[in-house]
Amino acid sequence: MEFGPHLMLASLEGAVVAAVLALTAMGLSIVFGVMRVVNVAHGEFYMLGAVLAWFVTSAIGGHPALGFVAALVIAPLLVGVIAAAADTFILKHIKYDPDRTIVATIGLLYIFQQGTLMTFGPDARPVEAPFNHRLALPWIENGENGLQMFWPWGLSITSYKLFVIAAAVVVLMGLWALITRTKIGLIMRATQQDSETAQAFGIPVGRVYSLVFGLGAALAALGAVLVVPIQQAHYLMGGEPLLLAFIVVIIGGLGSLPGTVVAAVLIGMSDGIISVFFSPMVAKIIATLFVTMILIWRPQGLFGKVIR
Amino acid sequence: MKITKTNMTRRTALKGFGAGVGTLAATGLLPGTMGFAQAQSSAPIKIGFQKHATGVGSSYGRWYNATTQAAVKRINDDGGINGRPVEVVIEDDGTDPKRGAEVLEKFENQHKVDVAFGTLFSHVVIGSAPRAAELKLPYFVVSEGHHVASGMLNRYTLQPGITDVKSQVQSMAPFVANNLGKKVAMIYPDFAFGHDHRDFFGDAIAAQGGEVIAKIAIPPSETSFTKYFPQIPRDTDVVYHVMVGPAVLTFVKELGEFFGPSRPEIFGFIDSIEAVDIKSPGLEFLEGTYFWEGNPRHAQANNSSFDTNFRAAVGVDDRGASLADSKDVSTYAHMFGCWETLNVIKAGMETSGYQGSADRQKLIEAVEAMTDMPHSDDHPQGAKRFNGKTHQVFGSQYISKVTDGNLVVEHTALIEDGLYEDEVDYTTQSF
């Protein structure tokens, strides 16, 4: 394939990766920002979103769009509830101690993963997309009659992948509106800034923490529901998103939401483009190298605030 | 009357008692401690099944287990091996080479099995086989990798129930070159099994006057594939694909989406859709494409009674799906290997008069002496020919075309089409 169309294909694939990654990493970033805890089980919440989406779409017959819309609402909600329960019954009791939280969330990771293996099984199961059409994409070249459009062989995207990109943008804007314009968002930001003072002002910090933990997990689950018609639901699918989400959050700056979005776009697009022109291994090496450089020269991340 | 005071104290009495028991035990006369090596006992023959219960091979592990249980039930219903029942001990290797070696240690040291069997993924086989040799544990793999016959492994590792990749691609190359095209773009997973495809098909198609114009290696744990397809050259006649792992459906779907309506000829290995329903949404483009099948998933018009009996025993229907759930498609092209391997183990144990682990070398020698295995209920995939020197079996290969959503066999390659020169003679190696 010629360079131009090849680059376009790489960019589109990268955009899909970036979209899902932005949602997943955002969940992790919110949890860290407000609660200051590292949730190693975050990838498993993502996986649970995909698996629950499969259960919902299998239960609801008829047109795949019906099942999909139901899954889009039900799966993140259920995962959020599970996460909030985990916070109430486990994390609160260990008082959010950093080391203990890491160990506890590792335990949750194994419980969710093996529990899914025992019930859902080891197979990867597909979920049908609500709609999916192949769209051949045009490219412009300088032909005999000046600038002309033509349709290069293999250059295409599917309508569903475009939907994923658009949906992620809409959800992120909604999240931004929630955090900056609503009372709940205000309470979350207050708790993030100074939880002791917030408590002195009568904010139920414990309940805010459960809400935030649930919200973070629900965002990851939402990303998974969007991606599951493209990939399939599989009990091991949470591993790579966890790693990438951590990379994004570290590069973007722990606790900075705009930083997370910028880093997700950066990592997603570079992963897509480098993978296409070189190899996915090189793309992962470069992403990890970037994390190392950030940790050495700007440990607070691109947009993070330095704690003085 | 003189009462002689003996020197009997509690301590001496206990020592004497212990010595007496020890002597009896050593002679094997003490009830309950009879050595199994000596008598024809009804203690079970233990077969250690190294199962891919978790990890990337877990779909295959599930069906390998179903087939193993069915085969063992049939053997036990028939009287067992040498009058003894067969017991299967299962351990999960996580589709991981290091775990595989540890599982073999557990089989030998903890479970005290007679033989180990059942591994599929090539990197796990390569990681486990050296340990089997160190433990002197016969290791019957069901893997398709060429490593057994290449001489890379050892005299304790055998593959008598399933053919290997070198033989398979050699049988396929004439059909591909003569019917589909000469310029081939290959897509394969980037590990031992995929490398076997890359290396041997390149040689085989060159011998037919064809050429591999692109080699695209994809990590087996990959989840999104579109980014690889731009590497397929524009002038490709045939796309040759083989993929493993949980994401195979995504792979095939995205291949179809990439080409759209103007696709070249496509020749795939059924591995790319094992455990996946060919009628899945997004796979419509497979209509008119070709697949290598180890064992035809859809029962053909002239099906043998052996295949029918096999399906009934394992619990799959005429489309290779579970009788309990028609959407639950099996790994039909591979799992027959477990059934046939267990029957070979039985035949070997009966020929060698196997009684216990002291007879392991005799068992291996008995299997090495095997040659032709006719098409039968013991070997439902087809007749086989075993090469005792290379420890590898040879059999028929099937090429099917997707016609109206069904896999219809168009060409059957015979055993002779897949034979190649011996690369090793394990029988000259010591145990």
* **Among the residues listed as A:L162, A:L175, the single one being more than 30 Å from A:L91 (Cβ to Cβ) and either out of contact with any Phe, Trp or Tyr (no Cβ under 8 Å at 6 or more places or on another chain) or at pLDDT below 90 (or both)** => A:L162
* Asked: Of all the residues that make up the range B:53-72, how many are modelled with pLDDT of 95 or more and either more than 14 Å from chain A (Cβ to nearest Cβ) or touching a Leu at 6+ places or on another chain (Cβ under 9 Å) (or both)?
  -> 7
* Asked: Does A:F68 satisfy the criteria of being more than 14 Å from chain B (Cβ to nearest Cβ), among the aromatic types (F, W, Y) and either in a helix (DSSP H, G or I) or crowded, with 24+ Cβ neighbours inside 10 Å (or both)?
  -> no
* Structure fact -> (1) within 27 Å of A:E240 (Cα to Cα); (2) surrounded by fewer than 23 Cβ atoms within 10 Å (Cβ to Cβ) all hold for B:D199 apart from (1)
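Where in the range A:121-234 are there strands (runs of 3 or more DSSP E), lying fully within it, with 2 or more residues that are within 14 Å of chain B (Cβ to nearest Cβ)?
Working: elements: A:134-136, A:139-143, A:146-150, A:156-158.
Per the criteria, A:134-136, A:156-158.
Residue under question is A:A136, and the condition is that it be farther than 21 Å from A:G214 by Cα and small (G, A, S); does it hold? So that I can check it myself, show each step before the final result.
Working: farther than 21 Å from A:G214 by Cα: yes; small (G, A, S): yes.
The answer is yes for A:A136.
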* To do: Could you check how many residues of the range B:258-284 are within 10 Å of another protein chain (Cβ to nearest Cβ) and aromatic (F, W, Y)?
  => 2
* Asked: Yes or no: B:S280 more than 21 Å from the chain's Cα centre (by Cα), in a strand (DSSP E or B) and surrounded by fewer than 20 Cβ atoms within 10 Å (Cβ to Cβ)?
  -> no
* Conditions (1) within 14 Å of another protein chain (Cβ to nearest Cβ); (2) more than 30 Å from A:H133 (Cα to Cα); (3) touching a residue at least 24 places away in the same chain (Cβ under 8 Å); number of the one not met by A:I285 -> (3)
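Of these, A:S279, A:S275, which one is under 28 Å from B:F258 (Cβ atoms), buried (at least 19 other Cβ atoms within 10 Å of the Cβ), among the hydroxyl-bearing types (S, T, Y) and within 14 Å of chain B (Cβ to nearest Cβ)?
On the way: A:S279 fails: buried (at least 19 other Cβ atoms within 10 Å of the Cβ).
It is A:S275.
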* Residues of the range B:210-240 classified as among the small types (G, A, S) and facing chain A (nearest Cβ under 10 Å), total -> 3
* Does any residue of the range B:377-394 turn out to be among the acidic types (D, E) and within 19 Å of the chain's Cα centre (by Cα)? -> yes
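Kindly establish whether A:Y46 is on the phi > 0 side of the Ramachandran plot and in contact (Cβ under 8 Å) with a residue 40 or more places away in the chain. First the steps, then the outcome.
Numbers: on the phi > 0 side of the Ramachandran plot: no; in contact (Cβ under 8 Å) with a residue 40 or more places away in the chain: yes.
Taking the combined requirement at face value, the residue does not satisfy it.
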* Asked: From the list B:G405, B:G388, which one is outside the structural domain of B:H147 (by TED's automatic domain parsing) and of a type in the set (G, A, S)?
  -> B:G405
* Picking from B:D114, B:D78, B:D96, B:D92, which residue would you name as being charged (D, E, K, R) and free of Cβ contacts under 8 Å to residues at least 40 places away in the same chain? -> B:D78
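The values are calculated or read from the model by the stated rules, or taken from the named source; none is laboratory data. All values reported here derive from a predicted model rather than from experimental measurement. A quick note on method: Cβ atoms are made from the backbone with ideal geometry, for glycine too, and the neighbour counts reach across all protein chains shown.
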